[in-house]
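Only one structure is covered here, and it is reproduced in the block below.
The values are calculated or read from the model by the stated rules, or taken from the named source; none is laboratory data. Please read all numbers here as calculations on a predicted model, not as lab measurements. Cβ sites come from the backbone with ideal geometry, for glycine too, and all protein chains shown count toward neighbours. Remember, those area values only see protein heavy atoms, side chains included, never the ligands or the DNA or RNA. Shrake-Rupley method; radii C 1.70, N 1.55, O 1.52, S 1.80 Å.
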Amino acid sequence: MASAYDREDGLAPPQPHGGGPADAYDPNYVPDSVKTFVVHLYRHIRDKNVFEINQMYEGGFQRLSDRLFRDSPWPSADAVAPYCDGDHVFLLLYRELWYRHAYARLSPLTASHRSESWSNYCDLFSVVLHGVVNMQLPNQWLWDMVDEFVYQFQSFCQYRAKLKNKTDDELKQLKQFDKAWNVYGVLNYLQALVEKSDIAQILEREKEGLEQFTATDGYDYQGGSNVLKVLGYYSMIGLLRIHCLLGDYHTGLKCLAPINLNQQGVYTIVIGSHISTIYHYGFANLMMRRYVDATKEFNKILLYILKYKQYHQKSPQYDQILKKNEQMYALLAICLSLCPQNKLIDENVSTQLKEKYNDKMTKMLRFDDEAYAAYDELFSYACPKFITPSPPVLDQPLTNYNQDAYRLQLKLFLYEVKQQQLLSGIRSYLKLYSAITIAKLAQYMEMDEATLRSILLTYKHKMHAVDSNGKIVSSADFDFYINEDVIHVVESKSNKPQGDYFLRQILKFEETIAELEKVQLD
């Protein structure tokens, strides 16, 4: 199968598709291997052969791109139309791949190209929403559609916010295509996919045993289509990501609410979807002071990556997996510095965390200038690339404002850190005592009693947050109350996972025995 469309062309005329100059690109030239690729992909989509579609999507398309189109676009959709009977929906899918390849391999893209990609997504999603789509596509492809849709929106917002060195032609194009990638349009399409698919209701009925969405990985084995339902499912994750980029964390988490992160789901099938979901979910919880929820999810996903990343080494997403892995370790370091919860961390994750950020975490506990610098560095490294969704005013003096949203979020984060400046000292003292008078603690902290009472109230406030159900929950690993000027400390008992420890040791012991049995003694 692969050899048919993956082979080198025998006698092709000299063209730029092998990596030549982009200005020699002929959009109407279609190499034989691309013709075969399009014919086979079109046939498999008509036949709903998900396995072969996935093989061609993840394997063949990538290999052809590496060999024939490393520095140039694929042939135009009009050029390949004769090899798919001019099928409108297939050509929309082909263009989606075409523009995604252009974003990944060609730079810089003009506002015109970005606008054309936006128009293609509008046409594609409109067909899914209002037409009859009778096909099954791999989950990986459907996730990549939503992921790329959000990425291109983010990229366009960053592009149009860098005005300082724009040429007159680029500014003219920005004015001409000012409706492209409008934030309301992006949000509306994703929300429409969620609502039209009825995915929230499907997941709710699944809890009652009336649906089999997760059990079938989102596929329809009754001859129907999985496209709308799975796109609606992944659109909830896309909405979370966009709202995080906009700084609206509460709405982002609300969009993700129908998905139960405590169970395996369709979001865990695709590694990119799994990591993106937990990264943005954890970051949103961190910014809303739900440190325990963020810590739990970061711990789970980092442990998962630690165990299974070697199986994704050949994936084109491997570098992105490693980058998000490092960013989530940085976010976990921030969570544990602001709200120590070491009992929630697996020992393997804890070991990796100490290797990477032990020095910085020690600094962050001090809350001096070095601590603020460490928080600044980790946040800047690990945060999403925030965007300003409003279009620029092109009549004023041209300046770059692509960093404005990031600076605002950093300022708010560091302000939160500064408010917790003395909480670490309070915590270290209270951990030493089961009861201590306010006067004595004030003496240790070198402050008056009124100030100490204010700081104690601040600690109570900062270590509590409103969860997704609207309840006020504590994030601290201990609690305290004041009775007649005496602070009484109530520390929660740590339930060490002894069973997990013994299971790990048993597995290691069995592996050692298996290795010994292979040894042949003379």
Could you pull out every one of the lysines with an alpha carbon less than 24 Å from that of LYS35, ignoring same-chain neighbours closer than 8 positions? LYS48
Roughly how tilted is helix 271-287, in degrees to the nearest 10 and between 0 and 90, from the longest Cα axis of the chain? 40
Take the eigenvalues of the Cα gyration tensor for the chain, scale each by 5, and report the square roots as semi-axes in whole Å, largest first. 48, 30, 23
For each pair in LYS162/LYS324; LYS196/LYS229; LYS323/LYS385; LYS307/LYS518; LYS254/LYS460; LYS385/LYS411, compute the distance between the two Cα atoms and list the pairs where it is over 18 Å. LYS162/LYS324; LYS307/LYS518; LYS254/LYS460
What are the lysines whose alpha-carbon lies under 17 Å from the alpha-carbon of LYS164, with same-chain residues fewer than 8 places away excluded? LYS172, LYS175
Which value in nm describes the separation of the simple spin-label points at ASN28 and LYS431, placed 7 Å from the Cα toward the beta carbon? 7.3
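Tell me, Kirkwood radius of segment 316-387 from alpha-carbon pair distances, in Å?
Values: mean 1/r = 0.0777 Å⁻¹.
Result for segment 316-387, one decimal place: 12.9 Å.
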For the Cα atoms of the chain, what angle does the longest principal axis make with the long axis of helix 369-382, in degrees from 0 to 90, nearest 10? 30
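Could you state the accessible area per residue of segment 194-282 in Å², with a 1.4 Å probe and every protein chain left in place?
On the way: 3590 Å² over 89 residues.
Heavy-atom accessible area per residue stands at 40 Å².
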accessible surface per residue for segment 82-139, probe 1.4 Å, DNA/RNA/ligands not counted, whole Å² -> 39
Rg and Dmax of segment 117-257, Cα atoms, in Å? 17.2, 60
For segment 166-324, the Kirkwood Rh over every pair of distinct alpha carbons, in Å, works out to 17.5
So which aspartates and glutamates can LYS166 reach, going by Cα to Cα under 17 Å and dropping same-chain residues fewer than 8 places off? ASP178, ASP395
With every protein chain left in place and a probe of 1.4 Å, what is the accessible surface of ILE472, to the nearest 10 Å²? 130
On C-alpha positions alone, give me the angle between the axis of helix 88-105 and the longest principal axis of the chain, in degrees, nearest 10. 60
Within segment 224-283, what whole-number % of the accessible surface is contributed by carbon and sulfur, with the 1.4 Å probe and all protein chains included in the calculation? 49
Paramagnetic reach from LYS207 (point 7 Å along Cα→Cβ, amide N under 16 Å) across segment 445-478: 468-471
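What's the FRET efficiency of LEU507 with GLN191 using the Cβ-Cβ distance as r and R₀ = 60 Å, to the nearest 0.05?
Details: r = 46 Å, r/R0 = 0.76.
Efficiency, rounded to the nearest 0.05: 0.85.
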Can you pull the percent of segment 320-393's accessible area that's carbon plus sulfur, 1.4 Å probe, other chains left in place? 48
Rg over Rh [alpha-carbon atoms, Kirkwood Rh] for segment 378-470: 1.20
Per its Cα gyration tensor (rounded if a/c is under 1.5, else prolate when a/b beats b/c, else oblate), segment 244-350 is best filed as oblate
Sort out for me the Cα centre separation of segment 393-412 from segment 194-232, rounded to whole Å. 41
If R0 = 60 Å, then ALA450 and LEU171, at their Cβ-Cβ distance, give a FRET efficiency to the nearest 0.05 of 0.55
